[in-house]
Amino acid sequence: MESNVLTAIFLPLALFIIMLGMGLGLTVDDFKRVLVEPLAAILGLIAQLIMLPAVGFLLASLFPLSPELAVGVMVLAACPGGPTSNLVTYLVQGNVALSITLTAISSVITVFTIPLVVNLAMQRFLGEATILELPFLTTVIQIAVITLIPVILGMVIHHYAPRFAAYVEKWVKWLSLFFLALIIVGLLAAERANVASFFLKVGWVTLALNMSTMLLGFALATLAKLDIRSAKAITVEVGIQNGTLAITIASAPTLLNTPSMAIPAAIYSLIMFATSAVFAGLARR
């Protein structure tokens with residue numbers, strides 16, 4: 001996959017809009033909710049920030065992947081949940097407030113953890129001699145610009161114009177799905193001759209990542225005896241990552257600038273819609 005206008009300009013812009021839409025539905029109380037529901041929030045964050053990268057590392061090591069694709073899996077595993085996870089939680093009648101809280105807090109924390117996880121992955125899979133590296137401070141600033149700043153802007157709009165924010169947010173949720181679909185279709189269309197090989201190369205590992213983290217998230221919530229709505233929220237939040245952010249980090253010229261590393265995130269983003277539909281059907285039963 002080669003870098004082009006889609007990955008250099010449209011992708012960061014689309015991510016900015018998606019994160020702005022997420023911010024429109026957030027308030028300061030969403031961040032405080034961790035104090036109200038500490039057990040559920042702490043378990044969700046542990047699963048998101050520790051268990052998920054560990055599972056990603058295990059799968060990237062077990063499956064016969066090229067070094068670039070293995071790093072791409074780790075980029076995906078290092079990312080937080082996104083607006084899609086909040087939407088799916090709503091559709092499966094889960095605890096949406098908890099889902100939003102986990103997305104918001106993990107989005108802040110992963111600004112700092114993504115460079116650490118990805119650099120460790122590159123040392124492991126590309127070798128210590130690799131010249132490719134995410135500079136910590138520069139990466140933190142760039143991810144903050146395309147994630148935290150639009151979220152904060154959305155929250156400010158929500159605070160001063162709540163009715164307008166509520167009206168716009170309903171449309172932006174679906175618009176974010178459209179943007180994600182458009183990005184994936186654009187990336188795969190540019191490599192349409194290789195789409196089948198992409199699925200063969202990373203389809204199984206991304207499916208394993210998606211399903212295993214959802215199962216582990218649900219098991220963790222069940223063992224902690226959380227209510228079913230909170231268990232659903234943690235299941236979805238841990239199992240559905242921000243594929244748009246992963247694609248941006250892998251392919252943006254100012255970050256990794258290695259579009260081949262975006263392949264796992266692109267395939268994963270297609271697979272997660274199918275697994276989410278299955279989970280929604282099971283959850284509604």
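The values are calculated or read from the model by the stated rules, or taken from the named source; none is laboratory data. Please read all numbers here as calculations on a predicted model, not as lab measurements. When we count neighbours, we look across all protein chains shown, and the Cβ atoms used for this are built from the backbone with ideal geometry, even at glycine.
I'd like the residue in segment 124-144 that is assigned to a helix (DSSP H, G or I) and exposed (fewer than 14 other Cβ atoms within 10 Å of the Cβ) and, out of all such residues, is modelled with the highest pLDDT. Among residues in segment 124-144 that are assigned to a helix (DSSP H, G or I) and exposed (fewer than 14 other Cβ atoms within 10 Å of the Cβ), the one modelled with the highest pLDDT is ILE141. Would you say THR89 is over 23 Å from ALA262 (Cβ atoms) and in contact (Cβ under 8 Å) with a residue 60 or more places away in the chain? Spelling it out, THR89 is indeed over 23 Å from ALA262 (Cβ atoms) and in contact (Cβ under 8 Å) with a residue 60 or more places away in the chain. Residues that are in contact (Cβ under 8 Å) with a residue 40 or more places away in the chain and within 16 Å of TYR90 (Cα to Cα) do occur in segment 264-273, at least one of them.
Just to be sure, is ILE9 in contact with a Gly (Cβ under 8 Å, 6 or more places away or on another chain), modelled with pLDDT under 75 and either farther than 22 Å from LYS170 by Cα or assigned to a helix (DSSP H, G or I) (or both)? The answer is no for ILE9. Residues that are in a helix (DSSP H, G or I) and among the aliphatic types (A, V, I, L, M) within segment 53-68 comprise ALA54, VAL55, LEU58, LEU59, ALA60, LEU62, listed in sequence order.
Every condition in (1) over 20 Å from LEU216 (Cα atoms); (2) assigned to a loop (DSSP other than H, G, I, E, B) is met by ALA262 except one, and the failing one is (2).
Out of segment 260-269, which residues are within 14 Å of LYS201 (Cβ to Cβ) and not β-branched (Val, Ile, Thr)?
Of segment 260-269, the ones within 14 Å of LYS201 (Cβ to Cβ) are 260-268.
SER260, MET261, ALA262, PRO264, ALA265, ALA266, TYR268, listed by residue number.
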